[in-house]
1. Here are some conditions: (1) at pLDDT 90 or above; (2) surrounded by 20 or more Cβ atoms within 10 Å (Cβ to Cβ). Ser34 meets all but one. Which one does it not meet?
2. Going through the range 39-55 one residue at a time, which ones are in a helix (DSSP H, G or I) and either in contact (Cβ under 8 Å) with a residue 40 or more places away in the chain or surrounded by 17 or more Cβ atoms within 10 Å (Cβ to Cβ) (or both)?
3. Just checking, which of Met215, Met245 is of a type outside the set (Val, Ile, Thr), over 18 Å from Arg302 (Cβ atoms) and in contact with a Cys (Cβ under 6 Å, 6 or more places away or on another chain)?
4. Looking at this structure, is Tyr225 touching a residue at least 24 places away in the same chain (Cβ under 8 Å), surrounded by 14 or more Cβ atoms within 10 Å (Cβ to Cβ), in contact with a Gly (Cβ under 8 Å, 6 or more places away or on another chain) and assigned to a strand (DSSP E or B)?
5. So, in the range 400-426, how many residues would count as being modelled with pLDDT of 85 or more, of a type outside the set (S, T, N, Q) and closer than 16 Å to Ile345 by Cα?
6. Condition (residue is aliphatic (A, V, I, L, M), surrounded by 20 or more Cβ atoms within 10 Å (Cβ to Cβ) and modelled with pLDDT under 90) applied to the range 133-145: is it met by at least one residue?
7. Looking only at the range 1-16, which residues are surrounded by 18 or more Cβ atoms within 10 Å (Cβ to Cβ) and in a helix (DSSP H, G or I)?
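The values are calculated or read from the model by the stated rules, or taken from the named source; none is laboratory data. From a predicted model like this one, the values you see are computed outputs, not experimental measurements. Reconstructed Cβ throughout: ideal geometry from the backbone, glycine too, with neighbour counts over all protein chains shown.
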Amino acid sequence: MSLILQLKDVKGDDLISLGEKLLLYCDLSNNQISVPNSFIITNELFLKFLEETELILKIKDLTDSTNYNRESYNTVLNQVQELIMNTELPPNILNDIKNAYDNMIIHNDIFKSASIQTIDFIRAGRSAPYLAVRPYLRNNRQIEAIENIRGIDNLGAAVKRIFCLYFNTDVLIKDNMNDLNIVIQKMINPDKSAIVSVFEDSIEINACFGLSQPMTNNEIQFDNYILDKSSLQLKEYKINNQEWMLYRDENLLRTIKRNLYIRGKEQKLNYNEFDKIVETCSKLKELNDLNYKFEFIFENNRIYLIDIINLIKEDDSQITQEPLEAFNFPENNIENISSKTSDHIQGETFYYGKSEGPVKILRSLDDLSKVNYNDIIACRYLKSEFIGAIEKASGIISDSDISQEIQDMIKIPCIINSVNATQLLNDNDYVEVDASAGVISKIEKKAQPTNNTSNEELPFRLDIKIDENTNVDALLEKIRQVKEFLKK
């Protein structure tokens with residue numbers, strides 16, 4: 001198979017190498033469902049990178065010399081990731097990626113027939129597109145996508161980051177490195193987003209303004225439409241008030257939250273857009289595989305298929321990148337840990353401060369819904385899609401760096417480049433994040449003091465009235481007193 005594939009060149013016999021989900025994405029794109037300009041970096045390129053740089057031998061040496069316990073396992077993972085990130089892509093591989101990247105800016109027919117001078121002239125007159133780097137694994141394991149990538153150098157680094165995220169226990173122990181394909185996709189800034197789910201008798205469409213992440217994380221109210229699968233007639237619908245939306249600001253190069261006010265009460269899909277998505281559903285309704293949701297976006301009244309999302313079954317929701325049973329690692333039980341353990345997780349300070357709370361591990365977008373206010377969030381790579389979780393959290397732990405477009409938003413204790421915190425911690429472990437020292441420690445949750453304030457007399461009167469004669473300073477002082485009282 002080629003190192004780089006165009007979606008139009010994918011055939012049915014590529015199922016074994018690409019996997020069911022990526023083949024479905026390509027098949028839909030070749031059946032008149034619009035997708036953004038995209039190309040595929042195949043597993044062959046990944047293997048060639050490992051072989052030409054001799055990383056495959058170094059990784060084998062590391063795993064062969066490893067004692068199978070928690071500490072050595074995490075050391076190996078960390079060493080493998082460091083090796084990959086510190087190894088340059090060979091020039092021939094980088095050139096193949098660059099040619100495919102240029103094709104996203106310049107039409108393929110022009111690219112084949114025009115001179116180098118003409119192509120350089122066209123390229124100089126067009127700004128580099130923003131890209132999303134979306135991993136598609138044959139075994140349907142989900143790892144994070146990386147977005148807002150611009151320029152060939154940044155694209156190469158993002159591809160290597162996906163290589164790093166691909167490695168887990170299964171890959172190292174079973175020496176199976178044949179599951180990873182990557183879709184490089186030109187990013188489109190959506191006016192509206194829709195998630196389509198195909199069921200046996202019906203098709204469900206959820207729609208919102210802006211990016212889909214707040215909808216998939218149930219952070220906003222969104223519109224819901226139910227179609228009869230055979231006739232595609234609308235059976236029922238509900239229009240909800242969406243209070244805010246997320247959109248990607250091209251000038252600030254980051255994701256922005258915007259209040260919608262009155263617009264939030266409007267129907268999210270107008271009649272023309274609704275007709276377009278119903279027409280698209282006619283091409284999905286024959287699918288017998290009900291394991292996926294389909295993410296669409298609208299830009300300037302055009303509809304695009306962005307991604308195919310795994311449906312997480314309830315019994316699979318706890319699948320993680322934990323070590324295999326053969327390792328016989330001890331249970332990581334917080335009750336068996338003393339008030340302050342001697343085992344600390346090290347990292348680098350990104351934003352100073354100290355906080356504590358239960359941990360929530362974010363391995364995919366589906367995990368965002370489990371984050372509560374004042375939780376500590378831990379992830380492999382902190383990116384713009386996590387904005388809803390960031391706003392709730394009291395502390396942040398990231399195994400790697402932070403997406404550039406959200407760095408200015410981090411104003412709570414934050415540690416980056418931790419030594420595999422997402423592997424060493426479990427959901428609801430109670431931890432202290434000392435960002436000033438760059439240390440994460442498991443601690444016992446402090447007992448909450450009994451607060452019998454029900455009969456306590458308020459030290460102020462709640463006689464707040466607001467009219468044209470209101471004394472603003474007095475009102476602010478009363479609000480301050482209320483906040484202080486509630487803190488106690």
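1. Result: Ser34 passes all but (2).
2. Asn43, Glu44, Leu45, Phe46, Leu47, Lys48, Phe49, Leu50, Glu52
3. Answer to the selection: Met215.
4. no
5. Selection size over the range 400-426: 7.
6. So far as the range 133-145 goes, yes, one or more of its residues are aliphatic (A, V, I, L, M), surrounded by 20 or more Cβ atoms within 10 Å (Cβ to Cβ) and modelled with pLDDT under 90.
7. Leu7, Asp14
One line per residue, one yes/no per condition, for (1) free of Cβ contacts under 8 Å to residues at least 24 places away in the same chain; (2) not in a helix (DSSP H, G or I):
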site	(1), (2)
Glu144	no, yes
Glu147	no, yes
Asp153	yes, no
Val159	no, no
Ile162	no, no
Leu172	no, no
Met177	no, yes
Asn181	no, yes
Ile184	no, yes
